[in-house]
Structures are given as structure tokens and as C-alpha cells.
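The structure appears right after this line, and notes come after that.
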Amino acid sequence: MNKTSCPYAADPYVIDPTGRDIHGEGALLRTRGRATQVELPGGVVVWAVTDYELVKELLTDSRVSRDTHQHWPAWASGELGDTWSLAMWVSDRNMITAYGAEHTRLRKLVAKAFTFRRTAALRPRIEEIAAELLDRIAGSHGGEPVDFRAEFCHPLPTQVISELLGIPAEIRPDLLRLIHAILQTTASLEDAKATERELYEVMGELLTAKRRQPGEDVTSGLISVRDDGGSGLTERELIDTILLMFTAGYETTVNLLDHAVHALLTHPDQLALLRDGTAGWEDLVDETLRLEAPFANLPMRYAIEDIDLGDMVIPKGDAMMIAFGAAGRDPGTHGETADAFDVTRPTRREHVAFGHGVHHCVGAPLARLEAAIALPAVFERFPAIRLAEPPERILPLESFISNGHRTLPVLLGPAAS
């Protein structure tokens, strides 16, 4: 095949904004090549990268940037910011979207909150929160179905990251509601813009409250660094960094817990392997991350020069969306059973669900710790837990980015003492 800038230039695949079949789309995109053009909501055409090895290569390639403002000519024209419903996914200014030295500067500020020692010190509090939630669930439903996502998978990481960042309880409901709205990729332009305006108003209220009454938390620390002038943080970088830490700190873990519980309840043979010690809970965590990446697709990255892939070229200035969900199920890495759930899979750790290279998620150890504590606690407390609905009736989130279920209805069965 001749080298081309886009083998499907006249026919980009139109991504379903409802996210009703993320993995079916991923499989289809893989048939079009390691990277192929897709059309996102609003008619924005980008490259979707689905090949596991190519994803790793591009995530560490110095010719690839996440800085929309510097490296996406389509954004620099000013038109997309006012007309695109997904604009907030690419317009923020934090360590994820920074490039080069700017990324290093911002990452150093955030990494201090997620050192090994600080993360390990959270174990007793995570155990306490998990036990409190399970106690509450056990005592409040009387045999009726429980939405386990809403009552356990969601509140546990939300409480943990809120305490770490110092997000006051009175602000959390609005913050969670607005972030949920951003994650719904079916939103209209008008709704998306209204959400963005309200979100920054709420974040402004948070900073005002923290400046008035700082605490021993990460947000207060970042504000202090910003206001003392030693970091070069702008006010927008400060807000976007806190937003990033909060959103990534709970949404990815919510989806991880949600999918892990769902996977075990639909694969009792795999649960048996965990219970008899054939596999460990860490194996479950990795296989869930591989099979069900918490963020299935993540816009956006940009080619700062032509990137020759051998069989095609991604031209300078073109945007790329990393398909983490499709990469996790790449048969080239995981074989013909790549779509199957297997906690003993030899390649279970070969995934990029938390990123790779310099953009590997600094909060990944915290997410892993939460899952390693929470999941065995669930199945020890409720040994007879089962789904309350057939699997086909448990619907996905309305998002092609965030990969989870709208609800996870379960019947708990008798609680262990």
C-alpha cells in the first residue's frame, strides 16, 4: 500500500456519542488500521489510535503534544472554542495538556500529593470508608435491589479524593453533578457551555473559601504555592489542576470498581479463582483495567510535525484521540481471547489504562490501593451478592469517553458478620 496521510480521508468513521457499544466500535476501528480517521460530535475529524504498541509509542513520542493552544491549528483559529460541545475536553490548562518543560513544572506540583508514602498512609482511612459504606448498605435495603455503583463504587473514591484535596461537603454535590454533565458526550453545545460556566463559578467559590480558611489539604497547598508566586501557576492552571485531580481521582476509580464487580458477578468461575487463591485481587484489578479501560477514549493529542508510521503519515497539526479501550483488547497483544475476562491472563498487565510514559497517571497507585481494599471487602461482606437484572439490561454511561454503567443493580444476599 502506498504511504498516505489518510487512507480513509473521504470516509471518516462517525463515533457514536452515546457510547452504547464502545468495544464494538473499537473492534471496527481496528479493522481500518492502527490509526484511522473518525468524526467526533460537531463534525471534528481526528485520528483514532487503537493499536496497543502504537499507543505506547505515541504516548512517549516527543513529536506528540497535548497542548491544544500551541499545537492544534484548528483550535488556534478561535472557531471551535465557541462552537464545539467537547471544547472543555481540550481547552483546560493543567499538567495533562501541557507540553515539554511546562508539563514537567506542573506535574512536579501535583506529584507531591501522590508520593508512595502519602498514598500508603491513606490505607486505614480507605478501609474505614469502605467498611462504613458496606455497613450502611447492609442495614438499609431489607432484601431489595441496591444500585451498587451509586451506593458504593461512587461514594468511596469520591470521599477519598475529596478529603485529600479538601473539597468541602457542601460543594461536592454541585461539583459532581457538573462533572457528570461534562462526561456525557451527548450534551448539546448550549448545555455544554452552560455546564462549563457553572463549573468555573463553583471552582471560584472553592478557591475563595480555601483562601479564607485554608486547611491541611492539597488544594490549600496549591493555592499557597500559587499565591506566593513561586510556581508560576496562573489562576486558570490552578483551577484546572484541581479539577483534573478531582475528576481523575474519582471517575476512573468509580468505573474500575463498577466493572470489576460486574465482571465477577457475570463470571463466577473467575470469582472462584480469587477465593481459592489461584489469582490475587491485584490480578483482578489489572485484568479489569485491560478489558474495561475507565476512559475508553481520550481526546486530544496533536502532531507537532509529520509523524511517519511506515504505512501512513499523521500530518503536522492533526489531532489524535487515544482509544484506550480498543488498545486494551488488541489481539496483537492479547491473542484471540482478547475480549474475554481472565484474571490469570499472562498479558493482563499489558495495558495503558492509566496512560504511559511521562503522562502516566500520578494517581494510579491510589486508584489501585482503593480497588485492592474495596473489592475483597465487598465479596467478603456479601458472599452471595448477585446481579438483580440480566446483564443485557445494565446500560452503559452515555459517553464514548467515560466507560462505566449507569447503574449496577445487585441483590446482596445475607451479610457476613
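Values as computed for the structure displayed
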quantity: Dipole-positive endmost among ALA111, ALA340, LEU183 within the chain (Cβ charges, Cα centre); calculated: ALA111
quantity: Residue exposure sequence - ASP16, ASP318 - by fewest surrounding Cβ within 10 Å; calculated: ASP16, ASP318
quantity: Relative contact order (%) - criterion: Cα under 8 Å, at least six apart; region: segment 13-411; calculated: 28
quantity: Three-way shape label, segment 184-337, alpha-carbon gyration tensor, a/c 1.5; calculated: oblate
quantity: Fraction of beta bridges assigned by DSSP in the chain that are antiparallel (%, nearest 5); calculated: 75
quantity: Peptides 162-171, 48-57 ordered by average Cβ neighbours within 10 Å, highest first; calculated: 48-57, 162-171
quantity: Rounded to the nearest 20 debye, dipole of segment 13-411 from Cβ charges on Lys, Arg, Asp, Glu; calculated: 840
quantity: All lysines inside 22 Å of LYS210 as judged from Cα atoms, apart from same-chain residues fewer than 8 positions distant; calculated: LYS108, LYS112
quantity: Efficiency of FRET from Cβ geometry, GLU163 and GLU39, R₀ 45 Å, rounded to 0.05; calculated: 0.65
quantity: Estimated distance in nm for a label pair at ALA138 and ARG172, the labels positioned 7 Å out from Cα along Cα-to-Cβ; calculated: 2.2
quantity: Spin-label proximity, LEU411 to segment 106-147 - amide N less than 20 Å from point 7 Å beyond Cα toward beta carbon; calculated: 137-147
quantity: Efficiency of FRET between GLU216 and HIS360 - r from beta-carbon atoms, R0 35 angstrom, step 0.05; calculated: 0.80
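Throughout, read-outs are computed from the coordinates displayed, never taken from laboratory work. Just so you know, these numbers come straight off a predicted model, no measurement behind them. Neighbour counts are summed over all protein chains in view; Cβ atoms, including those assigned to glycine, are modelled from backbone coordinates with ideal geometry.
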